[in-house]
1. Hey, can you tell me all the residues within the stretch A:28-43 that are under 15 Å from B:L35 (Cβ atoms) and either more than 7 Å from chain B (Cβ to nearest Cβ) or open to solvent by 30 Å² or more (accessible area, probe 1.4 Å) (or both)?
2. Restrict the check to the stretch B:55-70 and report whether at least one residue is surrounded by fewer than 16 Cβ atoms within 10 Å (Cβ to Cβ) and among the β-branched types (V, I, T).
3. In the stretch A:91-104, what residues are of a type in the set (A, V, I, L, M), assigned to a strand (DSSP E or B) and either within 12 Å of chain B (Cβ to nearest Cβ) or under 30 Å from A:A50 (Cα atoms) (or both)?
4. Could you tell me whether the stretch B:73-90 includes any residue that is assigned to a helix (DSSP H, G or I) and under 20 Å from the mean Cα position of the chain (by Cα)?
5. Which pairs have Cβ atoms under 6 Å, sit 6 or more apart or on different chains, and link a residue in the stretch A:75-93 that is closer than 20 Å to A:Q125 by Cα to one that is open to solvent by 30 Å² or more (accessible area, probe 1.4 Å) and modelled with pLDDT under 95?
6. Quick check on A:T107: is it surrounded by fewer than 16 Cβ atoms within 10 Å (Cβ to Cβ), part of a strand (DSSP E or B) and among the polar types (S, T, N, Q)?
7. Checking B:F54 against (1) modelled with pLDDT of 95 or more; (2) assigned to a loop (DSSP other than H, G, I, E, B), which test does it fail?
8. Going by the conditions given, is A:T52 surrounded by fewer than 19 Cβ atoms within 10 Å (Cβ to Cβ), of a type in the set (S, T, Y), more than 28 Å from A:N6 (Cβ to Cβ) and within 14 Å of chain B (Cβ to nearest Cβ)?
Number of protein chains: 2
Amino acid sequence: MSQISNYTYDEITIGQTATYSKQIENRDIQLFAALSGDVNPVHLDAAFAAGTQFKECIAHGMLSGTIISAAIAMKLPGPGSIYLGQSLRFRLPVKAGDTITVTLQVTEKKDKRCIVILDCKVLNQHGKRVLTGTAEVMAPTEKLVLESPEPPRVHIGD
Amino acid sequence: MSQISNYTYDEITIGQTATYSKQIENRDIQLFAALSGDVNPVHLDAAFAAGTQFKECIAHGMLSGTIISAAIAMKLPGPGSIYLGQSLRFRLPVKAGDTITVTLQVTEKKDKRCIVILDCKVLNQHGKRVLTGTAEVMAPTEKLVLESPEPPRVHIGD
């Protein structure tokens, strides 16, 4: 079992960054479809997707949003964060096999409620921006070092 | 196999609404953890969560965001929509067993690029707002009636 820890509000500095990467596999697109109920064939049916402007199946845009959310919860500020708000601007499609990297950067601290504002950029493996936005998070005041549960094992198919 | 259809830009009217509901189960929280990599124990470890302000495991906030995204893609405008942007304001936690209902309402149409602005409200079964926001979507210009793929079958555990 591994550990995860956080940055408290007092430890966080303007300009601080964190990154979080994930290779998006076809199975992630299937998981997102099962989770959300969005079973549009542009995400799930390769023959249908071949006839669209995208030529192949694309990931749901909000799948990259879930990766921003994980970057905040796992990296900066990390455990104990309270997610208050998020803006998202979807810029380019993500396809199975793409590796996306979230970069978070602290742009503002609001002492009154321990709020941090994070600039969020998600780039693909070619360095192109697929998603950008801004997050508003109440940072933890208590240092936490936690045993990190293993990710649940998930199987797709019959 | 069921069918899904869309509203074209010309068919969409200011004030038009659509709703989309989902009961959030513990397995959805586990799926979100597996998908995003956010394995914080407040979502996955009931004993840990009992010691937090939430008293029990809560869903990841962005899980409700994925349900807004599905409402747009499946209901209004539906298939052929291009998701351009989304703002999210997380207001209350969602727990396993809660049923959340997304209501989308068209507040603006921008003819030049066939863009619609959607007010997004997510209420729980008690009528409390858990998530609100605004979506910006390029609506389809072509009427689509599509065979809807079955949601992938997903199993959790060994």
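The values are calculated or read from the model by the stated rules, or taken from the named source; none is laboratory data. If you're wondering where the values come from, they're calculated on a predicted model, not measured in any experiment. Heads up, the Cβs are rebuilt from the backbone with ideal geometry, glycines too, and the neighbour counts pull from every protein chain shown. When the accessible area is computed, the model is the full protein with side chains, heavy atoms only, and any ligands, DNA or RNA have been set aside. Shrake-Rupley method; radii C 1.70, N 1.55, O 1.52, S 1.80 Å.
1. Matches in the stretch A:28-43: A:I29, A:Q30, A:H43.
2. No.
3. We begin by selecting, within the stretch A:91-104, every residue of a type in the set (A, V, I, L, M); these are A:92, A:94, A:96, A:100, A:102, A:104.
So of that shortlist, the ones also assigned to a strand (DSSP E or B) come out as A:100, A:102, A:104.
Answer for the stretch A:91-104, where residues must be of a type in the set (A, V, I, L, M), assigned to a strand (DSSP E or B) and either within 12 Å of chain B (Cβ to nearest Cβ) or under 30 Å from A:A50 (Cα atoms) (or both): A:I100, A:V102.
4. yes
5. Short answer, once both residue conditions are applied: A:P93/A:F54.
6. Details: surrounded by fewer than 16 Cβ atoms within 10 Å (Cβ to Cβ): yes; part of a strand (DSSP E or B): yes; among the polar types (S, T, N, Q): yes.
So A:T107 fits the description; yes.
7. With (1) modelled with pLDDT of 95 or more; (2) assigned to a loop (DSSP other than H, G, I, E, B) applied to B:F54, the lone miss is (1).
8. On the way: surrounded by fewer than 19 Cβ atoms within 10 Å (Cβ to Cβ): yes; of a type in the set (S, T, Y): yes; more than 28 Å from A:N6 (Cβ to Cβ): yes; within 14 Å of chain B (Cβ to nearest Cβ): yes.
Here the answer is yes, as A:T52 does meet what is asked.
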